[in-house]
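Here is the structure we will look at.
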Amino acid sequence: MMAQRSEPERGAWVREAVTRFEGPLTLYATRLLGDPEAARDVVQDTFLRLCSQARESVEGHLAEWLFTVCRNRALDVLRKEHRMTQLSDEQVNRCLSPAPGPQEAAERHDLGAKVLSLLESLPVNQREVLRLKFQNGFSYQEISRISGHSVSNVGYLIHAGIKTLRGQLFDGQPVEARA
């Protein structure tokens with residue numbers, strides 16, 4: 001039988017998880033729900049569920065476990081509300097990263113806003129896997145376990161989503177301008 005970890009050690013482990021994952025989970029939940037307040041509640045619930053888990057059962061795949069629980073909880077909230085809300089312009093602007101120079105910042109802002117806008121035109125499953133891959137850095141296998149799609153389907157959804165976004169983003173530009 002494994003020895004129980006001390007309460008201070010367990011508390012430190014949970015605090016480390018909160019410090020590392022609270023921001024990414026909140027962004028992920030906000031994107032799924034379209035409501036920052038509901039997203040914070042979902043993330044708080046996710047960490048409460050972590051407190052009741054044996055550390056050994058999630059060690060080695062903590063990020064995957066947290067995102068899966070967060071996703072499932074957010075989907076429960078959506079099912080309960082029977083609606084999905086799109087991000088407001090203000091929420092989109094807060095999510096864009098700052099750039100070094102004003103001109104580059106303006107170009108990045110415009111491009112980022114356009115990509116986020118185009119992303120909203122994709123099917124929900126493509127949006128979700130693209131966000132998990134590019135905003136959270138998960139592998140195809142991790143995305144598969146989080147979303148419930150097969151690994152090959154995750155690859156297909158990412159490929160199809162990128163192809164669609166690229167086509168929409170560069171529509172009307174010469175091929176050499178796309179590089």
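Bear in mind that the values in this text are calculations on the coordinates, not laboratory data. None of the values given here were measured: they were computed from a predicted structure. Virtual Cβ from ideal backbone geometry, glycine too; neighbours counted across all protein chains shown.
The stretch between Glu104 and Asn72 holds 7.7 nm of extra length on full extension. This uses 0.36 nm per residue minus the Cα-Cα distance. Label-to-label distance for Glu22 and Glu81 is 2.2 nm, based on points extended 7 Å past Cα in the beta-carbon direction. Length gained on full extension, Ser139 to Val151, computed as 0.36 nm times the residue gap minus the Cα-Cα distance: 3.4 nm. Taking label points 7 Å from Cα along the Cα-to-Cβ direction, Val115 and Gln53 give a separation of 2.9 nm. Is the shape of region 121-179 best called rounded, prolate or oblate, per the rule: a/c under 1.5 gives rounded, else a/b larger than b/c gives prolate, else oblate, with a ≥ b ≥ c the square roots of the Cα gyration tensor eigenvalues? In terms of gyration-tensor shape, prolate.
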